[in-house]
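Take a look at the structure below.
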Amino acid sequence: MQDSYALWMYLPGLILFIGGVAFVILNVVLSHLIHPHVRTHEKYLAYECGEDPIGGAWIQFNHRFYLLALAFVVFDVEVVLLFPWVVVFREFGWFGFIEVLVFIAVLLFGLAYAWRKEALVWDKPQPMYQAGPVTVPAVAQEVRTDGASS
Amino acid sequence: MLRTLLIDVGKALYLFSGLMGLAAILTWMERKQSALMQDRVGANRARIFGLRLLGLPHIITDAVKLLTKEDFVPAGVPTWLHALAPWVTLTVACLPAAAIPFGHVLPWGGQAIELQLMDMQVGLVYALAIASMAIYGVILAGWVTRNKWAVLGSLRAAAQLIGFGVVLGISLIGPVLLYGTLNLQEMVHWQDTTVLHGWLPRWGIFFQPLAFLVFLTVGIAETKRIPFDLPEGESEIIGYFLEYSGMKFGAFFLADFIETVVVAMLTVTVFLGGWSVPYLSADQGGFVWPWGAHTAVPPAGVALLQMAAFWVKVFAVCWLLLLIRWTLPRFRIDQAVRLGWQYLLPLSVLNTFGTAAVLLIVGQ
Amino acid sequence: MVDVWLERILFYGLALVTVGSALVVTFGRNLVRSAFALFFTLMGMAAMFVYLAADFVALVHILVYIGGILVLILFGIWLTHRVIDLDIRAGRIQLIPGLILGLVLMGLLGLTIRSFNLAARTPAPYRATASGIGRLLLSTYLLPFEIASVALVVALVGAIVIGRRETSR
């Protein structure tokens, strides 16, 4: 029993997991039994505010998502390596403090570099118009009056 | 053997129904509280036998509505993958609660039942690790439905969750240094006493106010709610669950509120003394008031008071989170990213080393 | 006795999930599907750590590999234009190098396992693992600990340099 103690400890968590799974399955199945099934063609199209979708959903995305994810992995490893230090913090005192400070300082250098290179800064929206008094071109005025009169 | 199993099942059911019940109440509270804050009446149409009960029956009507709505899968989407995403989201949202103590011990038939599902030595890391998996429900929902809005929403959600996930971990290192343990039950025991001649409860928030603020901010970001609702901004991209209807949408909807409750539970456990009741001491057999008076409480009463105190505190934090949600407007994505990486991350690293230095100086 | 059998069933169940999903990762035709199968491989490994009473390592495994590196892989796939629906099989191109690498790795692991006398070991009682790791990390393995931070920064700086060049173009 001694060696299996560790495994039995996780049983309540497993029960909670099974409970959560059962809850969703029960609800979805129950709903499936009682909800209406009306098939129309439009309902099965991808929703784009009433327009017919053009092209696939996989368009080129901002590559900054990848840089963010990489920075995340770097700092995630940092957090993970900090936790063992935290537990034995009182045993090691100033010695451990300095060791971890060096560890973090190196990583903060990386963060500062990323900051300096604006790698973790999202592209700011650039205004499409010029500030200042707006002059409407003569052509546009024509178009507008045409539209209004017709 | 069977007795232990039954106790385990009972505890899991208690926690699960607590989570679900509180989440269901939050769906009502969100509407009623926002109405109060915006000078509206709010949900009041549903009634049982003519009783409006402040709109509370809306919880039941919502459940009935979601169950009877048509639940369709868009063309070209594998049905089982489509069903997997809400399932993963809801289950993962519930799981961190398994490490959180919702009371100390309950005396039951000459035996003491520990009021915690898993008494792990690394309970805090467990909660963080499971919370980091929440990203998969979101990614799966976006990938599988092949909708441009949903894909954009799930990418944004992923960027936001991982960005703030780092800060979530680092912001908790300060309090952990203070308590000297990763075990959530031991953290609550550390806080279950008083300082300043018995006047002030020894709660983490009084020693780590900065970590509390950072953690609460990041907690809101992790639940993907306003002001951090970029992944599901209704007015612009609707969200990663766009192609879900009926009960599957209901699962995403409920998971959002469960995440809020779980963040509140973690906040309460780490910063607000968990299940501990101020001035109530189990060793002294009752309340020990700061002015020297003593009120005796039987052991079972102590246990029940502590269990009640936990839920009261969780409810209070949920209320605070709703208050924030209905006060602030949505951040732009560049603002959210800058807040996480350039302000909260260095701030929490600073807090970690400040705390460590102070502890070392005081300790010598 | 029931305990032993339950554990054995658990072990083989976990092994089946881990190895089975790893096969899907290797031979899958759809890259995204392979990435999602990798999720189950990594989960199976985390569960195996829990089975070995190394709870902290299991959680670190989840936090770093499932919460971080797999997301990075998914982002990498997503940001690569039009790769999503391509029919890609890595096995065809790198079958021989892959086989050699796999066999070498297997041999190394086998040697490592043989260097421990597993039969002579009694099952260790459950105890906290995080503090032991912390003690070793700050004393015996201090140099690798500090070098890890340098390696992480090198990865970050490298990615930024490459990413920057793409934007300026």
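All of the numbers you see were taken from the coordinates with simple rules; none came from a lab. Everything numeric in this text was worked out from a predicted model, so none of it was measured. All Cβ positions, glycine included, derive from the backbone under ideal geometry; neighbour counts span all protein chains shown.
Key figures
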quantity: Descending Cα extents along the principal axes, the stretch B:78-363, whole Å; calculated: 65, 47, 34
quantity: Calculated from backbone phi, Karplus (6.51, -1.76, 1.60) coupling profile of the stretch A:27-36 in Hz, x at Gly/Pro; calculated: 5, 5, 5, 4, 4, 4, 6, 9, 7, x
quantity: Difference of contour (0.36 nm per residue) and Cα-Cα distance, B:Leu6 to B:Trp289; calculated: 98.1 nm
quantity: Rounded to whole Hz, the Karplus (6.51, -1.76, 1.60) HN-Hα couplings of the stretch B:308-323, x for glycine and proline; calculated: 5, 4, 4, 5, 4, 5, 4, 5, 4, 5, 4, 4, 4, 5, 5, 4
quantity: Pair B:Leu210, B:Ile25: separation of 7 Å Cα→Cβ label points (nm); calculated: 3.5 nm
quantity: Modelled FRET efficiency - R0 25 Å, C:Asp3 with B:Glu186, Cβ distances, 0.05 increments; calculated: 0.30
quantity: Distance between the stretch B:204-227 and the stretch B:151-177 - C-alpha centres, whole angstrom; calculated: 11 Å
quantity: Chain B: relative contact order as a whole-number percent, Cα under 8 Å and 6+ apart; calculated: 22 percent
quantity: Relative packing of C:39-51, C:102-114, which averages over residues the other C-beta atoms within 10 Å, highest first; calculated: C:39-51, C:102-114
quantity: Overall dimensions of the stretch A:5-122 as given by Cα atoms, namely Rg and Dmax in Å; calculated: 25.2, 70
quantity: 10 Å-binned pair-distance histogram of the protein assembly as shown (Cα, whole percent); calculated: 3, 13, 23, 26, 20, 10, 4, 1, 0, 0
quantity: Separation between Cα centres of the stretch B:282-301 and the stretch B:72-102, rounded to whole Å; calculated: 44 Å
